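Just below is one structure, and these are the notes that go with it.
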Amino acid sequence: IANTDLCPMDRGSIFRNTVLFKTHAGNVMDKKEQLKQACDPATIAEDLMTLAGHDIEVDRALARHPSATAEILDLIKYAEDEEGNLDREVRTAVVRHPNVSTVTFRELSAQYPKDAVKNPSMDALLKEDSEILESCSPLLELEGCTESWLKRAASSSSYSVKLQALRNPKLPEKLRTR
């Protein structure tokens, strides 16, 4: 995750609210300070957790933070935008985040498959949960799907999983003939 992608302040955000927030250490921060901390790659996960779920701009920064834990990502995946809808920016960043839990990845990959295949931890998710192929099988058809997912799909006992892998133009020829 590039440092320039972390902070919406760099895109000219206007801090309309002066909501004060108390951190776990007892420090009081306004929205600008919260966003600054959420954008700082050096901020530790414990401090990030105290920021989650209070402000949509902060949640957007947290969803891209390299130290955001699965617990933080699970908390903010239901963040709402200014109109009260689930925030697409947060949700796509969460499904792409390397620390996303398998449960959240399964849930969000159905809505955002093109973002899900950009997750650098797809192979680790597959190792952690071998049944993820079944629930995330539409990802097998996408060009960005990893070779390890395609290999596992080609040897799957599920016909539908194999079929979706066969639809991927990047499936190696040796796997097509199995």
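The values are calculated or read from the model by the stated rules, or taken from the named source; none is laboratory data. Predicted model, so just to flag it, every value in this text is computed and none were measured. Because the Cβ atoms are built from the backbone with ideal geometry, glycine has one as well, and the counts that use them run over all protein chains shown. Surface accessibility is based on the protein's heavy atoms, side chains included, excluding ligands, DNA and RNA. Shrake-Rupley method; radii C 1.70, N 1.55, O 1.52, S 1.80 Å.
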* Considering segment 69-90 alone, what residues qualify as being open to solvent by less than 10 Å² (accessible area, probe 1.4 Å) and of a type outside the set (A, V, I, L, M)? -> Asp87
* To do: Would you point out the residue of segment 139-155, among those that are farther than 18 Å from Lys118 by Cβ and surrounded by 18 or more Cβ atoms within 10 Å (Cβ to Cβ), that is modelled with the lowest pLDDT?
  => Ala154
* Asked: What number of residues within segment 111-138 are more than 14 Å from the chain's Cα centre (by Cα), in a loop (DSSP other than H, G, I, E, B), crowded, with 16+ Cβ neighbours inside 10 Å and not charged (D, E, K, R)?
  -> 1
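Limited to segment 104-136, what total is found for residues that are under 14 Å from Arg88 (Cα atoms) and of a type in the set (Lys, Arg)?
Let us first name the residues in segment 104-136 that are under 14 Å from Arg88 (Cα atoms), namely 107-116.
Next, only the ones that are of a type in the set (Lys, Arg) stay: 114.
Here the count works out to 1.
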* **Flag for Leu171 being assigned to a helix (DSSP H, G or I) and either out of contact with any Ser or Thr (no Cβ under 8 Å at 6 or more places or on another chain) or surrounded by fewer than 15 Cβ atoms within 10 Å (Cβ to Cβ) (or both)** => no
* Structure fact -> Scanning segment 54-81 residue by residue, those assigned to a helix (DSSP H, G or I), more than 12 Å from Gln37 (Cβ to Cβ) and either in contact with a Lys or Arg (Cβ under 6 Å, 6 or more places away or on another chain) or among the small types (Gly, Ala, Ser) (or both) turn out to be Ala63, Ala70
* Structure fact -> Within segment 51-65, restricting to residues that are on the phi < 0 side of the Ramachandran plot and surrounded by fewer than 19 Cβ atoms within 10 Å (Cβ to Cβ), the one that is modelled with the highest pLDDT is Ile56
